[in-house]
Amino acid sequence: MTAHPIAETVAALMPRAKAELTELVAFESVADEAVAPRSECEGAANWVADALRAEDFQDVALLDTPDGSQSVYGVLPGPVGAPTVLLYAHYDVQPKLDESAWITPPFELTERDGRWYGRGAADCKGGFIMHLLALRALKANGGVPVTVKVIVEGSEEQGTGGLERYAEAHPELLTADAIVIGDTGNFRVGLPTVTATLRGMTMIRVRIDTLEGNLHSGQFGGAAPDALAALIRVLDTLRAEDGSTVIDGLPADAVWDGLQYPEEDFRRDAKVLDGVGLAGNGTVADRIWARPAVTVIGIDCHPVAGATPSIPSTARAQISLRVPPGQDAAEATQLLYAHIQKRVPWHARVSFEQVGQGQAFSADVTSPAYTSMAEAMRIAYPGEEMQASGMGGSIPLCNTLAALYPKAEILLIGLSEPEAQIHAVNESVSPEELERLSVAEAHFLVNYARSKQGQQG
């Protein structure tokens, strides 16, 4: 890494960053009280608020959002006339999943093979630490040249829209000239990347009922309608034989023209078993960035352990549908409902519950903020040019901010490169990426302040 003073400062701060991330990861801050007690999210929120106060942020507050979560907000005033930059992260995390599959405890930050392991290390508690490192480096080298607003969300992983609704009700709160969303990641370790597009998301639960109660499979099997069998039949219609998503009326043939994702790299990143083929058709980039993708993420039925020879009377599934830019998430939801209703066998009763929804996002990569970020990335990653990629995941807040502040430039960076395995067991963060991206963010703030001054001049 370059010997620039900002880089030297960030390097010196890395032990402190590790200690702080250790404290933050220790909170099992899943925004679902069925998984973890609310006190874990409250503890993480207060930790973030205290960290902002320690950095001289003003107006630090825990905002009670409509979905019952808390977002943490604060302002660090900059020079008179300086632009305002909003820095975003989230402190809530995905559930730990199968704890026995973790090599080290999920909520204890553990260093192994040059990476730091723990739930939220990359997604997105590390993103908040990245923001802190960038600001501390600037303070140690002449000061922060912009006004900084920080918002750290408490329910991003649930997709329940608490911060979006709060921002819409308080539109003055998050006004900014530029917004840095610290919740995506480089295409791969060492390759500086901004995320140009995000797929939207709709999350639904579908329930099928056929009987007033379970029945003996020997006495009634063969004629009694099986709710689980009906559900399985319906779910199978959501994919073509090659694994492509198939929903009546929803286009699924778009192509991605930008940075490509070689299939052999994807197989390695996704840890696809030898001999197992990939789902879908087209390039990997087409499939994960430009097209819809349906996933059955959970099924409620009787478990194998303790199963009895009975016909299920009811069955339920949770379905995630990722929606690419150019497709409306609300319209896609209605198409999904209609597709399922049309295919339920035996006139079984079907009902739906909307769990979450967010629109897709596309950024303007030609804006001045992107030029400033590209220059910053060259410093943080010597010899590399910033790339623009898509991301298959969703950050619903992006569209809310774009609608509220149409003149604001929105950039997406972060620590969730493929090796991070976010949302899976053994999530980790690369400390080298944390260091380099913190350097890049600090230089971006300097570059952006200078570019805005040039416009004013």
Query raised in the report: Restricting the search to the stretch 69-93, which residues are open to solvent by 10 Å² or more (accessible area, probe 1.4 Å) and in contact with a Gly (Cβ under 6 Å, 6 or more places away or on another chain)?
Result: Ser69, Gln70
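Within the bounds of the stretch 105-117, is there any residue that is under 13 Å from Lys149 (Cα atoms) and under 24 Å from the mean Cα position of the chain (by Cα)?
no
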Report summary line: How many residues of the stretch 25-50 are open to solvent by less than 10 Å² (accessible area, probe 1.4 Å) and among the aliphatic types (A, V, I, L, M)? The answer is 7
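Taking Glu385, is it closer than 28 Å to Arg291 by Cβ, among the charged types (D, E, K, R) and not in a loop (DSSP other than H, G, I, E, B)? Full working, then the answer.
On the way: closer than 28 Å to Arg291 by Cβ: yes; among the charged types (D, E, K, R): yes; not in a loop (DSSP other than H, G, I, E, B): no.
The answer is no for Glu385.
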**Report entry** Residues of the stretch 220-257 that turn out to be within 15 Å of Ile288 (Cα to Cα) and small (Gly, Ala, Ser), as a count
**Finding:** 4
**Report entry** Hits in the stretch 108-125 (condition: of a type in the set (Gly, Ala, Ser), open to solvent by less than 10 Å² (accessible area, probe 1.4 Å) and more than 9 Å from Tyr91 (Cα to Cα))
**Finding:** Gly118, Ala121, Ala122
Report task. Being buried (at least 20 other Cβ atoms within 10 Å of the Cβ) and aromatic (Phe, Trp, Tyr) is the filter; apply it to the stretch 368-408 and report the residue that is modelled with the highest pLDDT. Result -> Tyr381
Query raised in the report: Looking only at the stretch 246-257, which residues are loosely packed, with under 15 Cβ neighbours inside 10 Å, of a type outside the set (Asp, Glu) and at negative phi?
Result: Pro251, Val255
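The values are calculated or read from the model by the stated rules, or taken from the named source; none is laboratory data. Predicted model only: the values in this text are computed from it and were never measured. No Cβ is skipped: glycine too gets one built from the backbone with ideal geometry, and neighbour counts run over all protein chains shown. Ligands, DNA and RNA are excluded from the accessible area calculation, which covers all protein heavy atoms including side chains. Shrake-Rupley method; radii C 1.70, N 1.55, O 1.52, S 1.80 Å.
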